[in-house]
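In what follows, a structure is listed as structure tokens, so that the remarks can point back to it.
The values are calculated or read from the model by the stated rules, or taken from the named source; none is laboratory data. Please read these numbers as outputs of a predicted model, since none were measured by experiment. No Cβ is skipped: glycine too gets one built from the backbone with ideal geometry, and neighbour counts run over all protein chains shown. The protein model used for the area step is the full one, side chains on, heavy atoms only, and it has no ligands, DNA or RNA in it. Shrake-Rupley method; radii C 1.70, N 1.55, O 1.52, S 1.80 Å.
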Number of protein chains: 2
Amino acid sequence: MYRTKTCGELRIGNLGQKVTLAGWVQRSRKLGGMTFIDLRDRYGITQLVVEADADPELVATATSLGREFVIQVVGEVLERQSKNPKMPTGDIEIKVESINILNKSVTPPFTIEDDTDGGEDIRAKYRYLDLRRAPLRKALELRHRIAHEVRNYLDSQNFMEIETPYLIKSTPEGARDFVVPSRMNPGQFYALPQSPQTFKQLLMVAGYDRYFQIVRCFRDEDLRADRQPEFTQIDCEMSFVEQEDVLETFEGMMRTLFKNVLDVDVPNPLPRMSWYDAMDSYGSDKPDIRFDMRLHEVTSLAQGHGFGVFDSVPYVGAIAVPGAAGWSRKETDALTDWVKRPQVGAKGLVYIKLNEDGSVKSSVDKFYSTEDLKAIADAAGASVGDLVLILCGEKRKTQTQLGVLRVELGNRLGLRDPKVFAPLWIVDFPLLEWDDETQRFYAMHHPFTAPKPEHLDLFYSDRKEDLEKVCANAYDFVLNGNELGGGSIRIHDAQMQKRMFEVLGIGEEEADYKFGFIINAFKFGAPPHGGLAFGFDRVCALFGGQDSIRDYIAFPKNNQGRDVMIDSPSEIDDIQLEELQIKLDTKAE
Amino acid sequence: MYRTKTCGELRIGNLGQKVTLAGWVQRSRKLGGMTFIDLRDRYGITQLVVEADADPELVATATSLGREFVIQVVGEVLERQSKNPKMPTGDIEIKVESINILNKSVTPPFTIEDDTDGGEDIRAKYRYLDLRRAPLRKALELRHRIAHEVRNYLDSQNFMEIETPYLIKSTPEGARDFVVPSRMNPGQFYALPQSPQTFKQLLMVAGYDRYFQIVRCFRDEDLRADRQPEFTQIDCEMSFVEQEDVLETFEGMMRTLFKNVLDVDVPNPLPRMSWYDAMDSYGSDKPDIRFDMRLHEVTSLAQGHGFGVFDSVPYVGAIAVPGAAGWSRKETDALTDWVKRPQVGAKGLVYIKLNEDGSVKSSVDKFYSTEDLKAIADAAGASVGDLVLILCGEKRKTQTQLGVLRVELGNRLGLRDPKVFAPLWIVDFPLLEWDDETQRFYAMHHPFTAPKPEHLDLFYSDRKEDLEKVCANAYDFVLNGNELGGGSIRIHDAQMQKRMFEVLGIGEEEADYKFGFIINAFKFGAPPHGGLAFGFDRVCALFGGQDSIRDYIAFPKNNQGRDVMIDSPSEIDDIQLEELQIKLDTKAE
């Protein structure tokens, strides 16, 4: 071992000890002939001192050290003159007796500091240097800790971690698969799994009762911001359970994580909200309930006053922005522009200001009396000093726009503290979504999700209105406006599955082609079962108080799906192509 | 929840309790009007009884149950008349009050019993049914337990589990890569990792100090028996360590596994053997030391007696097979045929029998006196009653043949009890292997493996004889004749790396092309580091007392790299090919 202690562990209790440390030179400075060096390793930073009257060779070596040199030092633990209470090792320093340069370093292209001067591109290219910075190290330490806690919890609940294959079969459903040409089976391909869904259900058929896996998944999507072509899931499935059992088990897991990793107590039980309530009150199926500012329908109050825009739509909804009555015309105009951007898509924005002096000001003054406006503001839950913002149009679309506006205002008003955690379950999702264009139903989750037992009459009805009302035994775990996980109770009954395909307009032949393998497996005694999956990267990021998952992945890819550090993907040899019996067919740009 | 208890937990202490169980019908039989049903779940088997005088509908339901039906039963825990001491639940049975058929099953294509009547192919196709059998369930439970213990141990030793990417870059070294065409970067490919070697060394450069990962690796090889195209490694790396630190750390890990998983105490410290001793004494770099039967060189005793075969070779070696002097001529002839098979490749086999009556019989009687033969037998460590077997030829090749013969004889004599565990370290591997054909050295491990510090003079020598003597800081963990893991201390010094490339005849340009990326990363302050990787599938199989890894993988592939259950690999859509901008170029057979 090149060291007797790490750079993070020496305290006042170690005074007088002779120690050997090894690590990287964070910085060094001369002060009155003395050389101070901050030595860094994964565990912390320890200050080294080379005295002015030390052996000249030692002084020369100390002086020669550059940033990020790797050194080994022997010295004595002394009490510091000026202590640094911000550092765990801030009470001590090492009086250096010898320095052994283990490796030199060329000057790194950016500073290895919490706030670095490196741009995103250069840091991505030198990811192994970026990873030296404390924020990234802490992110990966957090990730390790969460994974370890997840495994301990699930093991304690009798879950078995079972590895499922990565070289599987391309499926005609869902997002695009990454495929892998098989050299031994020319013309054939493996696919990388988008999730182990089929395998975990097979494991339930096989009687494994409680399965989990922290597992890589792959999706060949056109990447949106903060999506990765490979990502990690906490994937789980249980047998002989109903929805309540799944929710309790994984609520327990998340509660354990909050407590053991963050020392945060979350409500017990966690709040649950129906999908309908979430849409009506928050305009989102992943509501951020850290702040209120709920949506309120004001359709009946808003209509019948001659304002054609409101009169011609099925839904008028409002939110009350606390304390924002004083916002200037310029600010409300900017907000109007903001909601009209294609990303939000509203046609316009109506406001009502409940001024502190009791007066009421609105952008639609000429259609409404002060009393009318006050009634609307009242219905929106506004008080004096608040600003009421109103959107209108098709119901769910408008609610979604209001939901986006609400989150934006939450950000602007500082109501979304990343250190505050407000988890909840969203339940009672609709089982089916009607598509006007193709005039048929689609499964909101997937075609194996079970309807709620109490909705079976509706499920077997032939009326579209009944089918639209069927709720699924499906659930999402939502934290601070993010869906962290979701799942469902699966259909295990052949008759019910047949009905599901019928409702979805999937013929027997198509069902057989698309799902034949799993349907066949289910004939051999499938138990009632259900499960869910958590987005592990996202769990880590939110626990770390960050929006982006990128820093919680050791070696992420950029938005073009490239790893710029290793320069991948890249061209391969003609010999490799020949062995795989494939040819490039690259189109001219 | 569909149950209040599992099928594995009821004991005499539960008598009189009303319970609900759910599981699969293992078997059912009628006996004097009563119906006995064995109900199975992951946790065990519980006997159910439907009395002859029970409700006729209940009796009818019980009678209707087929094998592998999924049922839920309510009943009372009673003491059994005839207890079954072989079953943990053998003291009790359930007097059934109601049966709810949760799912029927068609008749499975083979019996779900410890010893099944299903052949390998049919079991592979219905893997989800094969997995219901107790031996496979126990194999996967063992795998889960070992993974969990590994993680707990390494976490306790400050190792961080860090996930490395699966979509990486194809490298020109080593075995064949599986590649993944990139749709977003037409004409370019990712590669699936053969191991995270580069990334774990980068993590050391990044200061992560102690890394591990239980990680899938991929190798597109022509499959030999018991190799899988995807396999799992326990991959580890440490900084600021010397070989001794790595050995101690992972010896600790393996000792913990043996104790916590198998309750087996292994020697502390574990035996260590140099590669030279292993070859000389066992004819293998992964010696099975559960039994002795060592190799002994008898060259000088064997030569000079006019037997041209021995006189013309550089090496004559012998093993003494205990108690085998009485083997018939037919048996020794069969052994001779066995060693002459191409898999072993010996030219012939000479024997000496030390008969119980004191006489000596040999296949080369006419060249050697009884005293000569006794001297050779003595040197081979033989006693009266033993059979001495002798091979000759080029030294290492002959030792290897003797090693293979030794293991075969160990099998035949029952000396290789899979419940006996004899782990050891093999150390002091040669750094370099000379290749006569290309007249150059190759790295025995890989070009980043460090020479032993005490051999640096030899390493910088220009004499071939010196370089051949250089030992590497490399080590293998061997158990019962299998290499379970191996690794090395890496070169972190640029000058030493340069010398290594020079010794290997790798020019600067070639080094830059093949290893430029990692060499560049090392310029920014690489710490001294080293590590190793264990073959996790093999660890599980050996801990389970099995030779084959296949039952320790939930969904393995066959020797053609196919998953016959899901029928993968398979053809993909023309649309997919078009999107990937590749074309099939399948050659006619």
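Suppose we filter region A:513-534 for residues that are within 7 Å of chain B (Cβ to nearest Cβ) and either closer than 14 Å to A:Phe448 by Cα or out of contact with any strand residue (DSSP E or B) (no Cβ under 9 Å at 6 or more places or on another chain) (or both); how many remain? Before the answer, list the steps.
From region A:513-534, those within 7 Å of chain B (Cβ to nearest Cβ) are A:517, A:521, A:523-528; that's our starting set.
So of that shortlist, the ones also either closer than 14 Å to A:Phe448 by Cα or out of contact with any strand residue (DSSP E or B) (no Cβ under 9 Å at 6 or more places or on another chain) (or both) come out as A:517, A:521, A:526-528.
Number of matching residues: 5.
Quick one: what pairs do we get from region B:227-249, first residue farther than 28 Å from A:Ile168 by Cβ and at the interface with chain A (Cβ under 9 Å from one of its Cβ atoms), second basic (Lys, Arg) and open to solvent by 20 Å² or more (accessible area, probe 1.4 Å), C-beta under 6 Å, 6+ apart or different chains?
If the second residue must be basic (Lys, Arg) and open to solvent by 20 Å² or more (accessible area, probe 1.4 Å), the pairs left are B:Phe240/A:Arg3.
Looking only at region B:185-207, count every residue that is of a type in the set (Ser, Thr, Tyr) and out of contact with any strand residue (DSSP E or B) (no Cβ under 6 Å at 6 or more places or on another chain) and tell me the total. Give the derivation first.
From region B:185-207, those of a type in the set (Ser, Thr, Tyr) are B:190, B:195, B:198; that's our starting set.
Now drop any that are not out of contact with any strand residue (DSSP E or B) (no Cβ under 6 Å at 6 or more places or on another chain), which leaves B:198.
Qualifying residue count, region B:185-207: 1.
For region B:110-121, does any single residue satisfy the condition of being in contact (Cβ under 8 Å) with a residue 60 or more places away in the chain, farther than 27 Å from B:Gln213 by Cα, surrounded by 20 or more Cβ atoms within 10 Å (Cβ to Cβ) and of a type in the set (A, V, I, L, M)?
Going residue by residue through region B:110-121, those that are in contact (Cβ under 8 Å) with a residue 60 or more places away in the chain are B:112, B:121.
Applying the additional criterion that residues be farther than 27 Å from B:Gln213 by Cα yields B:112, B:121.
From what is left, the residues that are surrounded by 20 or more Cβ atoms within 10 Å (Cβ to Cβ) are B:112.
Cutting the leftovers down to of a type in the set (A, V, I, L, M) gives us B:112.
Within region B:110-121, one or more residues are in contact (Cβ under 8 Å) with a residue 60 or more places away in the chain, farther than 27 Å from B:Gln213 by Cα, surrounded by 20 or more Cβ atoms within 10 Å (Cβ to Cβ) and of a type in the set (A, V, I, L, M).
So, in region A:267-314, how many residues would count as being outside any helix (DSSP H, G or I), open to solvent by 20 Å² or more (accessible area, probe 1.4 Å) and not polar (S, T, N, Q)?
First, pick out the residues of region A:267-314 that are outside any helix (DSSP H, G or I): A:267-274, A:283-298, A:303-307, A:312-314.
Next cut, open to solvent by 20 Å² or more (accessible area, probe 1.4 Å) only: A:267-269, A:271-274, A:284-286, A:289-290, A:292, A:294, A:296-297, A:303-307, A:312-314.
Add one more test, that the residue is not polar (S, T, N, Q), and what stays is A:267, A:269, A:271-273, A:285-286, A:289-290, A:292, A:294, A:296-297, A:304-307, A:313-314.
Of the residues in region A:267-314, 19 are outside any helix (DSSP H, G or I), open to solvent by 20 Å² or more (accessible area, probe 1.4 Å) and not polar (S, T, N, Q).
Does A:Thr171 satisfy the condition of being touching a helix residue (DSSP H, G or I) at 6+ places or on another chain (Cβ under 9 Å), under 30 Å from A:Ile71 (Cβ atoms), more than 7 Å from every other protein chain (Cβ to nearest Cβ) and modelled with pLDDT under 95? Step through it out loud before you land on a result.
Details: touching a helix residue (DSSP H, G or I) at 6+ places or on another chain (Cβ under 9 Å): yes; under 30 Å from A:Ile71 (Cβ atoms): no; more than 7 Å from every other protein chain (Cβ to nearest Cβ): yes; modelled with pLDDT under 95: yes.
So A:Thr171 fails the test.
I need every pair where a residue in region B:202-217 that is not assigned by TED's automatic domain parsing to the domain that holds B:Met253 has its Cβ under 8 Å from the Cβ of a residue that is assigned to a loop (DSSP other than H, G, I, E, B) and modelled with pLDDT under 95, sequence separation at least 6 or different chains.
none
Look through region B:122-131, keep the residues that are open to solvent by 10 Å² or more (accessible area, probe 1.4 Å) and under 28 Å from B:Phe534 (Cα atoms), and return whichever of them is nearest to the other protein chains (Cβ to nearest Cβ).
So the first thing to find is which residues in region B:122-131 are open to solvent by 10 Å² or more (accessible area, probe 1.4 Å), and the list is B:122-127.
Still in the list and also under 28 Å from B:Phe534 (Cα atoms): B:124, B:127.
Working: B:Ala124: 13, B:Arg127: 8 Å.
Per the stated criteria, the residue is B:Arg127.
Which residues, taken from region B:473-519, are open to solvent by 60 Å² or more (accessible area, probe 1.4 Å) and assigned to a strand (DSSP E or B)?
B:Glu483 - this is the single residue of region B:473-519 that is open to solvent by 60 Å² or more (accessible area, probe 1.4 Å) and assigned to a strand (DSSP E or B).
Does region A:540-555 contain any residue that is open to solvent by 20 Å² or more (accessible area, probe 1.4 Å), in contact with a Gly (Cβ under 7 Å, 6 or more places away or on another chain) and in contact (Cβ under 8 Å) with a residue 24 or more places away in the chain?
No: zero hits.
Among B:Arg42, B:Arg29, which is the only one that is within 26 Å of A:Val241 (Cα to Cα) and of a type in the set (Lys, Arg)? Full working, then the answer.
On the way: B:Arg29 fails: within 26 Å of A:Val241 (Cα to Cα).
Answer to the selection: B:Arg42.
Got a sec? Which of A:Asn355, A:Asn411 is open to solvent by less than 60 Å² (accessible area, probe 1.4 Å) and modelled with pLDDT of 95 or more? First the steps, then the outcome.
On the way: A:Asn411 fails: open to solvent by less than 60 Å² (accessible area, probe 1.4 Å).
The conditions single out A:Asn355.
Just for region B:426-472: of the residues that are modelled with pLDDT of 95 or more and either touching a Ser or Thr at 6+ places or on another chain (Cβ under 6 Å) or β-branched (Val, Ile, Thr) (or both), which one is nearest to B:Lys514 (Cα to Cα)?
It comes out as B:Thr449.
Filter region B:93-109 down to the residues that are in a strand (DSSP E or B) and surrounded by fewer than 17 Cβ atoms within 10 Å (Cβ to Cβ) and list them by number. Spell out how you get there, then give the answer.
Taking region B:93-109 as the starting set, the residues that turn out to be in a strand (DSSP E or B) are B:93-103, B:105.
Result: B:Lys95, B:Glu97, B:Ser98, B:Asn100, B:Ile101.
Quick test for you: out of A:Val360, A:Val321, pick the one residue that is touching a helix residue (DSSP H, G or I) at 6+ places or on another chain (Cβ under 7 Å) and either among the basic types (Lys, Arg) or farther than 24 Å from A:Asp280 by Cβ (or both). Give the derivation first.
On the way: A:Val321 fails: either among the basic types (Lys, Arg) or farther than 24 Å from A:Asp280 by Cβ (or both).
The conditions single out A:Val360.
Taking interchain pairs and intrachain pairs at least six residues apart, which have beta carbon atoms under 6 angstrom, with the first residue in region B:138-164 and open to solvent by 20 Å² or more (accessible area, probe 1.4 Å) and the second part of a loop (DSSP other than H, G, I, E, B)?
Final answer for the pair search is B:Leu142/B:Gly544.
Inspect all residues belonging to region B:12-32 and state whether any of them is in contact with a helix residue (DSSP H, G or I) (Cβ under 7 Å, 6 or more places away or on another chain) and either over 30 Å from A:Asn520 (Cα atoms) or in contact (Cβ under 8 Å) with a residue 40 or more places away in the chain (or both).
no
For region B:174-225, what are the residues that are over 20 Å from A:Phe555 (Cα atoms) and more than 8 Å from every other protein chain (Cβ to nearest Cβ)?
Matches in region B:174-225: B:Gly174, B:Ala175, B:Arg219, B:Glu221, B:Arg224, B:Ala225.
Of all the residues that make up region B:571-580, how many are part of a loop (DSSP other than H, G, I, E, B), of a type in the set (D, E, K, R) and either more than 7 Å from chain A (Cβ to nearest Cβ) or crowded, with 20+ Cβ neighbours inside 10 Å (or both)?
Just the residues of region B:571-580 that are part of a loop (DSSP other than H, G, I, E, B), to begin with: B:571-573.
If we keep only those that are of a type in the set (D, E, K, R) too, we end up with B:571, B:573.
Remaining after also requiring either more than 7 Å from chain A (Cβ to nearest Cβ) or crowded, with 20+ Cβ neighbours inside 10 Å (or both): B:573.
Adding up the residues that qualify gives 1.
With respect to A:Val420, is the statement that it is open to solvent by 20 Å² or more (accessible area, probe 1.4 Å) and at pLDDT 95 or above true? Give the steps one after another, and end with the answer.
Working: open to solvent by 20 Å² or more (accessible area, probe 1.4 Å): yes; at pLDDT 95 or above: yes.
Against the criterion (open to solvent by 20 Å² or more (accessible area, probe 1.4 Å) and at pLDDT 95 or above), A:Val420 qualifies.
When residues of region B:457-478 are filtered for being touching a residue at least 12 places away in the same chain (Cβ under 8 Å) and farther than 28 Å from B:Asp235 by Cβ, how many remain?
First, pick out the residues of region B:457-478 that are touching a residue at least 12 places away in the same chain (Cβ under 8 Å): B:458-460, B:464, B:467-478.
Those still in the list that are farther than 28 Å from B:Asp235 by Cβ too: B:458, B:460, B:464, B:467-469.
The qualifying residues number 6.
Within region A:278-291, take every residue that is among the charged types (D, E, K, R) and touching a strand residue (DSSP E or B) at 6+ places or on another chain (Cβ under 9 Å) and give me the one that is farthest from A:Leu247 (Cα to Cα). Talk me through it step by step, then tell me what you get.
We begin by selecting, within region A:278-291, every residue among the charged types (D, E, K, R); these are A:280, A:285-286, A:288, A:290.
Right, trim to touching a strand residue (DSSP E or B) at 6+ places or on another chain (Cβ under 9 Å) and you get A:280, A:285-286, A:288.
Values: A:Asp280: 23, A:Asp285: 17, A:Lys286: 16, A:Asp288: 19 Å.
Restricting to residues being among the charged types (D, E, K, R) and touching a strand residue (DSSP E or B) at 6+ places or on another chain (Cβ under 9 Å), the top hit is A:Asp280.
Being modelled with pLDDT of 95 or more, touching an Asp or Glu at 6+ places or on another chain (Cβ under 9 Å), under 27 Å from A:Gly414 (Cβ atoms) and of a type outside the set (Gly, Ala, Ser): is that true of A:Leu373 here? It would help to see each step written out before you state the result.
Working: modelled with pLDDT of 95 or more: yes; touching an Asp or Glu at 6+ places or on another chain (Cβ under 9 Å): yes; under 27 Å from A:Gly414 (Cβ atoms): no; of a type outside the set (Gly, Ala, Ser): yes.
The answer is no for A:Leu373.
Any idea which of (1) open to solvent by less than 20 Å² (accessible area, probe 1.4 Å); (2) closer than 24 Å to B:Leu142 by Cβ is the one B:Ser568 doesn't satisfy?
(2)
When you check B:Leu39 against the structure, is it in a strand (DSSP E or B) and within 14 Å of another protein chain (Cβ to nearest Cβ), yes or no? Show your work before the answer.
Working: in a strand (DSSP E or B): yes; within 14 Å of another protein chain (Cβ to nearest Cβ): yes.
Yes, satisfied.
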